[in-house]
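What follows is a single structure, written as structure tokens, with notes after it.
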Amino acid sequence: MSLESRITDYESRFTFDVYLVGVGGQGVLTIGEIVAETARRQRVPVNFYPTKGMAQRGGFVKAQIRLGREVTGANIPQRGADLVIAMEVSESLKAVRFIKPGGDFLLFGHVWPPAAVMLGKADYPTLDQVMEQVQEAGGKMHYLAPESLPLYEGNPVAANVFVLGAAIGHTRLGDVLDPLEVAHVVQTRWKRGVERNLLAFQKGLEMRG
Amino acid sequence: MRKNPPIPQIRVLTGNEAVALGALRAGVKVVTGYPGTPSTGALTSLLKIEPEGVHVEWSTNEKVAFEIAAGAAWAGQRALCTMKMSGLNVAYDSLISIAYSGCVGGLVIYVADDPGVSAGMAEQDSRGFALMSDLPMLEPASVAEAYRLVQVAFDLSERVGTPVFVRLVTGIAQSKAVVEVEEPVPPPEREAKLTRDITKFTKAGSVICMAQHRDLIARLEKAGQIIGEMGLNELQLAEKAGGLGIIASGVTASYLEEGFEIAAQFGFKRDAVSVLRVVATNPFPAAEVQTLLRYCDTILMLEELEPHIERGIYVEAHRLGFEGRIIGKLDGFFSRIGEYGVSQVVRGIGAALGEETRFFRKNPVSGAAEQLAAARPITVCAGCPHRGTFMAINQAIRKVGYKKDEVMVTGDIGCTILGMNPPFHTVWTEVSMGASLGIAQGYVHGGVETPVIATIGDSTFFHAGMPGLVNAIQHQVPLTLIIMDNGWTAMTGMQVNPGTDEPFQQIGGRRVDIAKIIPALGVEHFFTIDPFDLDESSATIQKALTLPGVKVVLARQECAIQAQRRGLKAGKVKVIPENCNLCKLCIIRTGCPAISIGEDTIIIDPNLCYGCGLCAQVCNREAIERVGESASQRGGE
């Protein structure tokens with residue numbers, strides 16, 4: 001699909017809502033920043049609403065991206081998200097109420113256990129439980145195993161850029177945002193590690209299959 | 001030759017940044033504030049820009065901030081003051097007085113409310129303050145509108161001679177959206193005015209005060225006329241009279257179109273509905289509401305939190321003999337709690353059409369998924385010095401011979417409140433800035449015979465903690481105050497406060513050292529501890545708990561996040577795997593996010609670890625070793 005036809009789509013009131021969840025420190029909000037910046041470059045109306053708790057790291061983080069509406073409230077209604085991107089298994093459950101029936105649910109299967117779980121004092125949900133909940137809500141699950149994170153010079157790349165690539169490659173977000181434009185934003189966002197980040201993005205894109 | 005007019009820039013801004021840039025465009029000269037989520041970003045962005053000729057500062061508290069802004073506006077300049085809703089409570093004492101006096105230059109108060117409580121504290125509706133002080137209030141429904149309305153607020157303020165509120169909610173203040181930004185305007189060259197007029201600038205006696213009260217009411221009325229002439233509140237009447245009229249206040253208007261689209265699937269006709277979008281929520285938009293009441297037979301009122309406008313509608317309805325239905329909060333349909341979204345629009349329309357059930361979703365969202373999620377209580381960061389202080393307090397209480405639930409530890413606002421959570425469970429209360437001290441004294445007078453401890457952070461101490469301490473000293477109330485001084489206003493994103501080390505103060509600014517204040521107040525038992533030295537800290541607190549009178553313990557280490565941004569570490573630790581038996585004591589005691597459990601040993605993430613060494617100090621199997629010396633603690637001047 002060409003960029004022009006995509007813009008035309010927006011003129012005919014095409015909207016796309018993305019609900020992002022994860023844990024502080026995973027770069028969840030950076031995904032949102034990149035999507036918002038790409039949307040601005042493509043002249044797609046965008047509202048990006050990050051919400052982080054009080055903790056710098058290790059707390060629940062969510063963000064909402066609303067594409068295609070000139071005037072929009074920040075909050076996506078329940079069962080309204082065309083796409084959920086979840087970066088942590090347990091936290092993904094907090095996004096289930098927002099997935100639109102038939103919407104894409106992209107889960108990066110990282111497990112970040114809270115202290116109480118490490119100490120054996122609290123339960124942590126199984127992947128099967130999450131899959132079941134997403135299915136019940138009518139979401140279309142796309143699962144990315146943490147082991148699928150590619151290596152660059154022997155070290156794992158940034159998970160968030162990889163997951164963003166997968167979202168563009170795997171889900172309908174790729175029909176909304178031009179992969180080349182997203183790659184451009186990824187490339188210009190950081191001064192250092194350009195090659196590493198592009199590799200992360202590209203490998204994510206190629207997960208399509 | 002004339003230059004071409006500059007082309008507006010298309011930028012992605014937060015609502016906070018839009019407020020800041022709008023003020024710059026309006027030629028603001030003085031900007032003050034105190035950090036508080038969700039309002040912080042406005043002043044932060046101005047500090048980054050460092051606009052020429054504009055004074056920007058984080059003040060000690062909101063009351064001081066507002067007084068500075070008002071003084072500048074009395075001197076004829078344009079001034080902006082920023083705060084979260086809780087800060088407005090602090091500023092209000094001066095605000096009501098300054099409202100009576102009015103202003104000369106434009107004076108705008110930016111306040112951000114947090115319906116839905118994304119950042120903690122009360123679901124306070126600051127519109128009530130506008131009502132109480134008879135000041136106009138503008139409420140943008142989008143980031144782009146925030147940019148425009150701040151400029152309108154300055155103009156309105158100057159035309160009427162009254163301070164004007166701009167109120168955002170979290171969803172706008174922290175959203176990023178595309179805004180067309182025009183060139184900032186340098187502050188206009190205005191000579192500072194020195195006007196001696198005690199009838200305007202003092203409150204000496206009933207004659208002056210009642211005349212000011214009369215003028216205040218007249219100014220609000222005039223503001224209402226100007227708002228009406230400007231058409232700020234947009235009224236669109238349907239072609240045919242007799243249908244539904246929707247009144248949408250502030251942010252709720254941003255959900256209307258989406259709601260109409262959903263309702264259209266149920267046969268709702270967009271062009272059969274009249275809409276009044278209330279942007280200026282004070283004064284009450286009486287003329288527009290009357291028009292709507294005359295035109296429609298049902299009213300749907302959309303406003304978050306308190307039914308302020310709705311009450312006004314009932315008054316107008318009574319005057320006009322309106323007999324139709326008013327759907328809102330006062331009939332019990334909507335809740336006063338939480339954010340509004342598209343669902344309120346859809347449900348409200350459904351109710352208005354008498355088809356509520358058809359508009360409700362058939363299968364309500366169960367919420368079962370969230371219940372499976374692991375609880376993730378927020379804790380302090382890896383390397384946070386407060387961790388050591390909480391651990392030391394707990395250890396000291398135990399060593400003095402008390403159980404944890406026998407010793408009251410009052411808490412305060414900021415990162416120091418995280419001591420309420422696991423694994424520490426140290427702090428019992430959270431009220432408002434500085435309240436740890438007053439509440440602690442109340443417990444003592446209330447007859448508590450075990451030691452009473454108050455805890456507070458550095459910025460909070462300066463903000464409103466000092467009067468509480470002075471009171472404790474004056475009345476010689478036996479308590480132990482623990483000031484956790486990490487040198488920054490950390491929780492809101494690392495703002496400079498009076499105690500921040502001098503190199504980080506604004507040029508020409510000066511550090512105010514807490515270690516000098518406490519002895520100067522006449523505190524006899526004053527101790528300084530390094531919270532990364534657990535046994536020493538614990539022993540000091542233990543000693544303080546057994547002494548009479550007011551004791552102050554100053555726990556000093558810089559915020560680890562800030563120190564690491566400058567490449568500093570407190571030290572280094574390493575795990576000796578063969579000594580680790582996975583007893584998990586390090587996790588149980590510290591709850592440090594850098595520690596996780598490996599196959600045969602605990603693992604410390606070297607990227608997260610700051611090297612504070614607290615885990616090594618609690619390990620009783622020598623499985624964690626400190627490598628090298630720990631960094632020196634923050635000293636005095």
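Each reported figure results from applying straightforward, stated rules to the coordinates on display, with no laboratory input. Model, not experiment: these values are computed from the prediction. Heads up, the Cβs are rebuilt from the backbone with ideal geometry, glycines too, and the neighbour counts pull from every protein chain shown.
General observations
- Of the beta bridges in region B:492-637, as assigned by DSSP with both residues counted there, near 60 percent are antiparallel.
- DSSP-loop trypsin sites (Lys or Arg not before Pro) across region B:253-302, with at most 16 other Cβ within 10 angstrom: B:Lys269
- Label-point gap, in nm, between A:Glu181 and B:Lys584 - each point 7 angstrom along Cα→Cβ: 4.9 nm
- Charged-residue dipole, Cβ positions (Lys, Arg, Asp, Glu), chain A about Cα centre, Debye nearest 20: 540 debye
- Between helix B:308-320 and chain B: long-axis angle, C-alpha atoms, 0 to 90°, nearest 10: 20 degrees
- Remark: region B:1-123 carries a charge dipole of roughly 640 debye about the Cα centre, counting +1 on each Lys and Arg Cβ and -1 on each Asp and Glu Cβ.
- Cβ-based exposure ranking for B:Leu131, A:Leu151, in which fewest neighbours within 10 Å come first: A:Leu151, B:Leu131
- Cross-link partners of A:Lys100 among lysines (Cα-Cα below 16 Å; sequence separation of 8 or more within a chain): A:Lys140, B:Lys362
- With helices as the sole contributors, chain B gives -11000 deg cm²/dmol at 222 nm; each DSSP H run of n ≥ 4 counts as -39500 (n - 2.57), and the sum is divided by every residue.
- Loop GluC sites (Glu not before Pro), region B:377-452, which have at most 14 other Cβ atoms in a 10 Å radius of their Cβ (DSSP): B:Glu449
- Estimated at 0.36 nm per residue, the fully extended path between B:Arg294 and B:Glu191 surpasses their Cα-Cα distance by 32.1 nm.
- 3J(HN,Hα) from dihedral phi, region B:118-130, Karplus parametrisation 6.51/-1.76/1.60, rounded to Hz, x for glycine, proline: 7, 10, x, 6, 7, 8, 7, 9, 6, 4, x, 5, 5
- Span from the region B:1-73 Cα centroid across to the region A:54-113 one, whole angstrom: 32 Å
- Charge dipole (chain A, unit charges on Cβ, about Cα centre) - positive-most of A:Tyr152, A:Gln42, A:Phe201: A:Gln42
- Each Lys or Arg adds one and each Asp or Glu takes one away; over the other residues whose Cβ falls under 15 Å from the Cβ of B:Thr410, this sums to -2.
- In the protein assembly as shown, one over the average inverse separation of all distinct C-alpha pairs is 29.0 Å, which is the Kirkwood hydrodynamic radius.
- Under 5 Å, built H, 5+ apart or other chain: amide partners of A:Tyr124: none
- With a simple spin-label model that places each label point 7 Å from the Cα along the Cα-to-Cβ direction, the separation between B:Phe266 and A:Ser148 comes to 3.9 nm.
- Cα centroid of region B:84-157 to Cα centroid of region B:276-346, whole Å: 21 Å
- Positive dipole terminus of the protein assembly as shown, leading residue within B:Ile473, B:Val143, A:Phe16 (C-beta point charges): B:Ile473
- Protection-proxy order for peptides B:512-524, B:143-155, each taking the mean of Cβ atoms within 10 Å per residue, highest first: B:143-155, B:512-524
- Rounded to the nearest 20 debye, dipole of region B:353-442 from Cβ charges on Lys, Arg, Asp, Glu: 320 debye
- Exposure proxy order (Cβ contacts within 10 Å, fewest to most) of A:Thr30, B:Thr82: A:Thr30, B:Thr82
- The chymotrypsin sites (Phe, Trp or Tyr not before Pro) of region B:385-437 include none that DSSP puts in a loop with a beta carbon having at most 10 other beta carbons within 10 Å.
- The phi torsions of region B:525-533, fed into the Karplus equation with coefficients 6.51, -1.76 and 1.60 and a -60° offset, translate into couplings of 9, 10, 10, 10, 10, 9, x, 7, 9 Hz, rounded to whole numbers, with Gly and Pro shown as x.
- In this structure, the amide hydrogen of A:Gly58, modeled 1.01 Å from its nitrogen in the peptide plane, lies closer than 5 angstrom to those of A:Gly24, A:Gly25, counting only residues at least 5 positions away or on a different chain.
- Couplings 3J(HN,Hα) for region A:137-143, derived from phi with the Karplus relation 6.51 cos²θ - 1.76 cosθ + 1.60 (θ = phi - 60°), are 7, x, x, 9, 7, 10, 9 Hz, where x marks Gly and Pro.
- Separation of the A:Glu136 and B:Asp600 label points, Cα + 7 Å toward Cβ, nm: 4.2 nm
- Cα long-axis angle, helix B:85-101 against chain B (0 to 90 degrees, to the nearest 10): 50 degrees
- Counting every other Cβ atom within 10 Å of each residue's Cβ, B:Asp605, B:Asp458 order from fewest to most as B:Asp605, B:Asp458.
- Close amide H pairs (under 5 Å, H built 1.01 Å from N) link A:His110 with A:Val89, residues at least 5 positions away or on another chain.
- CD proxy at 222 nm, helix term only [per DSSP H run n ≥ 4: -39500 (n - 2.57); per residue of chain A; nearest 500]: -10500 deg cm²/dmol
- Counting only alpha carbon atoms, the long axis of helix B:15-25 and the longest principal axis of chain B meet at about 70°.
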